[in-house]
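Worksheet for the structure shown next.
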Amino acid sequence: MSSARRDDLIDAIGSTIMRWQDATQAFDEAVGAKLELGSTERHCLSFLHEGPKTAGAIAETVALTPAAVTAMIDRLEMRGLVERRRSAEDRRQVQVVLTDMAMTAAMKFYGPIAKEGAALLESMPTADLEVIKRFFDKALAMQQRQTDRIRAMAGQKPRARQWRGKL
């Protein structure tokens, strides 16, 4: 492959990634509008999709103060989207979990895109999937480093984890 062709391909991939990020954000905002959820609430619910979390872990992930997270959890609980439960391992600890209502809402909006995405990936050769996985692992690590760099400039604490999933 010529150097010019390689440069064009790298530019095209960069452009496609930016359009994909914009399309993903637009999709998430459309879901948020339908469910009357702000971006921080969606971020919280996405984090909880991985399993029960403490309010402290949520605060760190969504970059809010503990008081603001408590208020957000209260709002989500009043809407029937989350519940507070005592931890099975440590009864002193309270964890926040998604309700069946939240899971149903997630499947209504994100189920079709997950199904179509899975079909797309199923249609690809294993070697291509390995390249894509390797690229995304490296791209996610880079994105986190750059986010931490910008937060450090503003005096913010870096996040302890990557945000995965959608809601």
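The values are calculated or read from the model by the stated rules, or taken from the named source; none is laboratory data. Predicted model, so just to flag it, every value in this text is computed and none were measured. Because the Cβ atoms are built from the backbone with ideal geometry, glycine has one as well, and the counts that use them run over all protein chains shown.
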**Message:** Looking at Ile17, Ile13, Ile73 in this structure, which one is within 25 Å of Ala102 (Cα to Cα), assigned to a helix (DSSP H, G or I) and among the hydrophobic types (A, V, I, L, M, F, W, C)?
**Reply:** Ile73
**Request:** Report yes if Ala102 is under 19 Å from Asp28 (Cβ atoms), modelled with pLDDT under 95 and surrounded by 11 or more Cβ atoms within 10 Å (Cβ to Cβ), otherwise no.
**Result:** no
**Asked** Out of the stretch 25-65, which residues are touching a residue at least 40 places away in the same chain (Cβ under 8 Å), assigned to a helix (DSSP H, G or I) and exposed (fewer than 14 other Cβ atoms within 10 Å of the Cβ)?
**Response** Lys34
**Filter result for Glu116 (closer than 28 Å to Ile13 by Cα, exposed (fewer than 12 other Cβ atoms within 10 Å of the Cβ) and not basic (Lys, Arg))** = yes
**Prompt:** Checking Arg85 against (1) among the charged types (D, E, K, R); (2) over 23 Å from His43 (Cβ atoms); (3) not in a helix (DSSP H, G or I), which single condition isn't satisfied?
**Reply:** (2)
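To keep it simple, each residue is scored yes or no on (1) surrounded by fewer than 12 Cβ atoms within 10 Å (Cβ to Cβ); (2) at pLDDT 95 or above; (3) among the aromatic types (Phe, Trp, Tyr).
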| residue | (1), (2), (3) |
| --- | --- |
| Leu76 | no, yes, no |
| Arg85 | no, no, no |
| Asp90 | yes, no, no |
| Leu98 | no, yes, no |
| Glu130 | yes, yes, no |
| Met153 | yes, no, no |
| Lys157 | yes, no, no |
